[in-house]
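The block underneath contains the structure these notes are about, expressed in structure tokens.
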Amino acid sequence: MMDGMPRTLRSLLLALTLVAVCVPTLAVAAESERVSTIHDRRITESSGLAISTKDQKLAYTINDAGDPIVFAIKLSTGKVVGTTRVGGGVIGDFEALAIDGDGTMWLADVGDNDEVRRDAALYALPEPGRGKHSVIAKRYPVSYQGGPVDIEAMLVHPKTGKKFLASREMAKQGTLYSLPKKLSVNGDNRATDLGKAFPVEVTDATFTVDGSQTLIRTPGAVHVFDPKTWSEVEVLSVPEVEMGQSIAMEPDGKSFIMGSEGKNSPLIRVVFGTQTKAEPTPTPASKSDDVLADGVGIPVVAVVGIAAMSVLALVAVWAVFPRKEI
């Protein structure tokens, strides 16, 4: 088909093709700010995060080990304003929590570093809110196609309630699993491998408010996926956080909150969607406590990509314009 094209046009198309093939997806630097810090001594390994569906000023978190207590946090101050002790089973390793469209809170007791657990489960309870509570949650046993696996992230669709789990792999891409639409407290709720690869070292995940996208957190970035195809559509470069762990979408859909697993966990708001800035913050971020809280720089991949595009664009221009014979 290209044989009939003028040489200069073929050269231009070749250069543009090289740009498309050689330049990787560019990470977008997202605007961010530290909202508050959780200083409560009881919260030492915050392993999941969810924003209240009843009160946008509240967030929930839980330690991945120790007493099974859900902490209600006032976002603006980081102070604990509620605790809920969860019963209903022997807890092993909480890794994630989420709240569905009906106001049910889901806790994922699915951590399994050695991949030997036979007692992984999800726990369901009404969103607790402020104050001191104690509940017996419904327990839903979980097993996996192919045997035990170390799960780090849970996704609960805000409209359908459909649930997904993602494994954390240190040296290869993670795996996405789908749970049955209707779970049973007595049956074997087997998670099916969807054959879709997730990023390396997934730590948490969340749906957008309308369920049209998923945000997958890793230590250095947030990967945006299309849940219809489970293909990656964008990478957001976010502030570096020591022991970065959790992510939760805010109800307005314009931002999400990130937390960390260590003590004095920072709560960082990151702008998302149409408000996301495509240009990086010019001033380098400065460390405060254990986090780079404000702003991000240009990702290395973006620098390399821009340089590659510039060179190839020059090649295209050279090929298009005629040159005088000497």
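Annotations
- In the condition set (1) surrounded by fewer than 17 Cβ atoms within 10 Å (Cβ to Cβ); (2) in a loop (DSSP other than H, G, I, E, B), V149 is compliant with all but (1).
- Meets criteria (in contact with a Phe, Trp or Tyr (Cβ under 7 Å, 6 or more places away or on another chain) and over 22 Å from L215 (Cβ atoms)) for R139: yes
- Any hit, segment 89-102, residues being farther than 20 Å from A72 by Cβ and at pLDDT 95 or above: no
- Test for V185: is it in a loop (DSSP other than H, G, I, E, B) and either under 13 Å from the mean Cα position of the chain (by Cα) or not acidic (D, E) (or both): yes
- Scan of segment 133-146 for residues that are part of a strand (DSSP E or B) and either β-branched (V, I, T) or closer than 25 Å to G101 by Cα (or both), ordered by number: H133, S134, V135, I136, K138, R139, Y140, P141, V142, S143
- Only a single item in (1) among the β-branched types (V, I, T); (2) in contact with a Gly (Cβ under 8 Å, 6 or more places away or on another chain); (3) modelled with pLDDT under 95 is not met by I136, and it is number (3).
- Only one of the listed residues (R139, R117) is without any contact (Cβ under 8 Å) to a residue 40 or more places away in the chain and surrounded by 17 or more Cβ atoms within 10 Å (Cβ to Cβ). That residue is R117.
- Near pairs, Cβ below 9 angstrom, 6+ apart or cross-chain, from segment 229-254 (over 30 Å from D55 (Cα atoms)) to any residue that is modelled with pLDDT of 90 or more and of a type in the set (S, T, Y): W230/T214
- The listed residue being part of a strand (DSSP E or B) and within 20 Å of L49 (Cα to Cα), out of L194, L176: L176
- Qualifying residue in segment 103-110 (condition: of a type in the set (D, E) and either buried (at least 19 other Cβ atoms within 10 Å of the Cβ) or in contact with a His (Cβ under 7 Å, 6 or more places away or on another chain) (or both)): yes
- Taken together, the residues in segment 61-91 that are free of Cβ contacts under 8 Å to residues at least 60 places away in the same chain and under 20 Å from the mean Cα position of the chain (by Cα) amount to 2.
- Residue that is farthest from L155 (Cα to Cα), among those in segment 205-219 that are within 12 Å of the chain's Cα centre (by Cα) and without any contact (Cβ under 8 Å) to a residue 40 or more places away in the chain: P219
- Residue satisfying all of: in segment 220-237; within 13 Å of V202 (Cβ to Cβ) and small (G, A, S); nearest to the chain's Cα centre (by Cα) among these: A221
- Taking the conditions (1) in contact with a Ser or Thr (Cβ under 8 Å, 6 or more places away or on another chain); (2) touching a residue at least 40 places away in the same chain (Cβ under 8 Å); (3) not small (G, A, S) in turn, P126 satisfies each one other than (2).
- When we screen V222, V233 for residues that are surrounded by fewer than 16 Cβ atoms within 10 Å (Cβ to Cβ) and part of a strand (DSSP E or B), the only hit is V233.
The values are calculated or read from the model by the stated rules, or taken from the named source; none is laboratory data. The structure presented is a predicted model; accordingly, all values stated were derived computationally and were not measured. With ideal geometry, Cβ positions are generated from the backbone for all residues, glycine too; neighbour counts draw on all protein chains shown.
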